[in-house]
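For reference, the structure discussed in these notes is given below.
The values are calculated or read from the model by the stated rules, or taken from the named source; none is laboratory data. This structure is a prediction, so every number in the text was calculated from the model and none was measured. Backbone-built Cβ (ideal geometry, glycine too); neighbour counts: all protein chains shown. For accessibility, only protein heavy atoms count, side chains too; no ligands or nucleic acids. Shrake-Rupley method; radii C 1.70, N 1.55, O 1.52, S 1.80 Å.
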Amino acid sequence: MTHTLGIDIGTFESKGVIVDQKGGIVATATSPHKMIVPQPGWAEHRAEEDWWHDFTVISRKLLADSGIDPRDIKAIATSAIGPCMLPVDADGAPLMNAVLYGVDSRAEAEIDALNARIGADRILQTCGNALTSQSVGPKILWLKNHRPEIFARTAMITTSTTYLVHKLTGEYVIDHYTAANFSPLYDASARDWTQDLAPDIIGTDRLPRLMWSTEIAGTLTSKAAAETGLAVGTPVTCGTIDAAAEAVSVGVQEPGDMMVMYGSTIFIIALTEGRVNDPRLWYAPWLFEGQHASMAGLSTSGTLTHWFRDQFARELPRETAFEALTAEAAAAPPGANGLLVLPYFMGERTPIYDARAKGTFFGLNLTHTRGDMFRALLEGIANGTAHVIETFRDTGQKATRILAVGGGVKNPVWLQATSDIAAVPQVISKESIGASYGDAYLAALAIGAAKPGGIAKWNPARTRIEPRALDVYTRQYALFKRLHTQTRDIAHALDGGS
C-alpha cells in the first residue's frame with residue numbers, strides 16, 4: 001500500500017504523520033522545543049538542534065509506532081515556520097541561530113532605510129508586499145550590517161524548509177509561496193528573484209532555487225536515511241511554510257476559502273481570484289501555479305496563552321493546565337467582567353505593523369479573578385483576529401468559507417469569542433492535526449497518489465461554530481480599535497522611542 005509522510009516544524013512543537021492512500025492516519029508523533037528570545041523583539045531557533053533533531057526523532061518514532069517498512073513510504077513532504085533567515089556555510093552548516101518570521105522585529109532600521117531608498121510604493125508594486133517584520137530581505141541586510149563576519153562566510157541564505165530539504169536531499173530549494181516573503185528580492189509578477197530594487201543586499205546566487213511546493217526537490221540521501229530511518233531514494237517535495245500546509249489540511253483550495261490557524265500565532269490565509277496589493281496584508285503565489293493568496297498574522301496568540309499559564313498557573317499540572325484555565329474562563333461572562341486586553345506582547349504584525357506596541361490589560365480591579373484575566377486574554381486575541389478579518393473585507397476579499405484549524409480549536413471559549421466578535425461562522429474539519437497532515441497530502445499529490453481537491457474526502461467538515469450577536473462584544477471591539485492609537489505614544493516611550 002502507498003503511504004506518505006508529512007512532518008511540520010512549529011514554533012514550540014513539531015508534528016509528524018504517516019497516512020495511507022485514502023488519508024487514513026496510520027501514526028502520529030510530536031517533539032517539543034523552545035523559542036529563544038535573547039532580547040526583546042528577537043526570536044530564534046537552533047536549526048540543527050530544533051529543526052533537524054525534531055525531524056529525525058519524529059521520523060523514527062513514526063516508523064517504529066506504525067511498523068511500516070520505510071520502503072513503503074513513497075514520498076516525503078515537510079513544512080516549517082517561516083519565513084525565517086538562516087545563513088549557512090559552504091558545507092550547509094548553520095552560522096548562527098535562525099532568525100524567525102514576523103515575531104522577530106530586529107530589522108526595523110533596515111526596513112526604514114530600504115523604504116527611504118527604494119520607495120514603499122515601488123516595493124509593494126514589484127513584490128506584492130510592503131516591507132514588514134515578516135520580510136526576509138531586511139533581515140539579510142541586518143546580517144550584513146551587524147554580523148559582517150558571518151555574512152562573509154555565508155554560502156546560502158536558507159529558510160526553515162530549505163534547510164530541512166537540504167538535509168534530506170542535498171538540494172537548496174524554496175517554494176514560490178515562501179519566496180514571496182523575501183521582499184525586496186522577489187518579483188511577484190516575474191515569479192523570480194530580482195536584484196532590481198536592492199542589488200546591495202545579496203546576490204541571487206546565494207538564494208535557493210525556486211520551485212512549486214509539490215515539485216520533487218530530490219531524493220533521500222544515504223546520510224539522511226541513516227539519520228531518519230527512512231529509505232534511500234525516497235522522493236522529497238520542495239515543501240512550504242507551515243501555515244500553507246495547515247490551510248491545505250482543512251480543504252482551503254478555491255478563491256473565497258479562508259483559513260484561520262489557531263497556533264502560536266493566529267495566521268490567516270485567503271485564496272483570491274487575483275493578486276491583492278494592500279500594504280496591510282501579505283501576498284504570495286499560492287502553492288499551485290496560477291493561484292493567489294493573501295495572508296495576515298498576529299504576533300502572539302498561542303504564545304500568549306503559554307505565557308499566561310507559565311506565569312499565573314504554575315501550580316497546575318502542565319498536561320491539564322489549559323483545560324483548567326479554559327474552565328475558569330468559561331465561568332466568566334463574555335466581556336470578562338469589564339476587562340479588555342491588547343495582545344501586543346511582542347509588538348504586532350497585521351494590520352497595524354507596530355513592533356513597539358505593548359500588551360496591556362485594561363480595567364483591572366480587586367474583584368477580578370484569574371478566569372476573568374484568561375478570558376480577557378482570549379477575547380483580546382479574538383479582537384485582533386476580527387481586526388484582520390475586517391481588513392480583508394476592506395480590500396474587497398469577503399470569505400465565503402472560514403476553516404479553523406490548530407491547537408486553539410480545542411478551546412471553546414477562544415473559538416466562540418472569535419466567531420462572535422468577528423461575526424463569522426467557522427468550520428472545523430474532522431482531522432485537526434494540522435500542517436503535517438497537509439504535508440502528507442501534498443506528498444501524495446506530488447507522486448500522483450492523490451488528486452487535486454481530494455483533501456475534501458480525506459478530511460471532511462465536522463462541526464460549524466455560529467456567531468452570536470452580543471452587545472458587549474460590539475462595544476469591546478470598538479474600544480479595542482481605538483486603544484492602540486490612543487496608547488501608542490506611551491507604548492513607544494516605554495521602549496525609549498518617541
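You will find that of A313, A293, A245, the residue that is more than 19 Å from the chain's Cα centre (by Cα), aliphatic (A, V, I, L, M) and modelled with pLDDT of 95 or more is A313 and no other. Selection of region 322-339 for residues being in a helix (DSSP H, G or I), hydrophobic (A, V, I, L, M, F, W, C) and at negative phi yields F322, A324, L325, A327, A329, A330, A331.
Here region 217-262 is the region considered, the condition is being in contact with a Gly (Cβ under 7 Å, 6 or more places away or on another chain) and of a type in the set (S, T, N, Q), and the residue that is least open to solvent (accessible area, probe 1.4 Å) is S249. Put simply, of G82, G92, G102 the only residue that is within 24 Å of E171 (Cα to Cα), open to solvent by less than 50 Å² (accessible area, probe 1.4 Å), in a loop (DSSP other than H, G, I, E, B) and modelled with pLDDT under 95 is G82. Residues in region 266-321 that are open to solvent by 10 Å² or more (accessible area, probe 1.4 Å), touching a residue at least 60 places away in the same chain (Cβ under 8 Å), under 26 Å from E379 (Cβ atoms) and in a loop (DSSP other than H, G, I, E, B): R280 alone.
Of the residues making up region 280-329, those that are more than 18 Å from Q125 (Cα to Cα) and of a type in the set (D, E, K, R) are E289, R309, D310, R314, E315, R318, E319, E323, E328.
Table: residues versus (1) over 30 Å from L220 (Cα atoms); (2) within 18 Å of the chain's Cα centre (by Cα); (3) at pLDDT below 95.
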| residue | (1), (2), (3) |
| --- | --- |
| A355 | yes, yes, yes |
| T360 | yes, no, no |
| T391 | yes, no, no |
| T400 | yes, no, yes |
| L403 | yes, yes, no |
| K410 | yes, no, yes |
| W414 | yes, no, no |
| K430 | yes, no, yes |
| S436 | no, yes, no |
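What pairs can you find where one residue is in region 346-360 and open to solvent by 10 Å² or more (accessible area, probe 1.4 Å), the other is of a type in the set (S, T, Y) and at pLDDT below 90, and their Cβ atoms are less than 7 Å apart, with a gap of 6+ or different chains? Pairs found: T360/T487.
Is it fair to say R60 is assigned to a loop (DSSP other than H, G, I, E, B), at pLDDT 95 or above and basic (K, R)? The answer is no for R60. Only one residue in M373, M346 is aliphatic (A, V, I, L, M), under 29 Å from E44 (Cα atoms) and modelled with pLDDT under 95, so which one is that? From the options M373, M346, the qualifying one is M346. Within region 331-343, residues that are over 14 Å from Y473 (Cα atoms) sit with their Cβ atoms under 8 Å from residues that are open to solvent by 50 Å² or more (accessible area, probe 1.4 Å) and aromatic (F, W, Y), at 6+ positions apart or across chains, in these pairs: L342/F362.
Taking the criterion of being in contact (Cβ under 8 Å) with a residue 60 or more places away in the chain and part of a loop (DSSP other than H, G, I, E, B), the residues of region 105-120 that qualify are S105, R106. When residues in region 79-121 are screened for being out of contact with any strand residue (DSSP E or B) (no Cβ under 9 Å at 6 or more places or on another chain) and under 23 Å from A217 (Cβ atoms), 2 of them pass. Of all residues in region 464-473, exactly one satisfies the criterion of being within 24 Å of the chain's Cα centre (by Cα) and either surrounded by fewer than 15 Cβ atoms within 10 Å (Cβ to Cβ) or farther than 17 Å from Q416 by Cα (or both), namely R464.
If you check A244, A198, A224, A231 for being closer than 20 Å to I81 by Cα and in contact with a Leu (Cβ under 7 Å, 6 or more places away or on another chain), only one passes: A244. Candidates in region 127-154 are the residues that are in a helix (DSSP H, G or I) and of a type in the set (G, A, S); of these, the one that is most open to solvent (accessible area, probe 1.4 Å) is A152. Scanning region 5-56 for residues that are touching a helix residue (DSSP H, G or I) at 6+ places or on another chain (Cβ under 9 Å), buried (at least 18 other Cβ atoms within 10 Å of the Cβ) and not in a strand (DSSP E or B) gives G10, T11, G23, H33, M35, G41, A47, W51, W52, F55, T56.
Tell me which of these S213 doesn't satisfy, since it passes every other one: (1) closer than 21 Å to E289 by Cα; (2) open to solvent by less than 10 Å² (accessible area, probe 1.4 Å); (3) not in a loop (DSSP other than H, G, I, E, B). Unmet for S213, out of (1) closer than 21 Å to E289 by Cα; (2) open to solvent by less than 10 Å² (accessible area, probe 1.4 Å); (3) not in a loop (DSSP other than H, G, I, E, B): (3).
Which one is farthest from G290 (Cα to Cα) among residues in region 162-182 that are open to solvent by less than 10 Å² (accessible area, probe 1.4 Å) and over 17 Å from the mean Cα position of the chain (by Cα)? Restricting to residues being open to solvent by less than 10 Å² (accessible area, probe 1.4 Å) and over 17 Å from the mean Cα position of the chain (by Cα), the top hit is L168.
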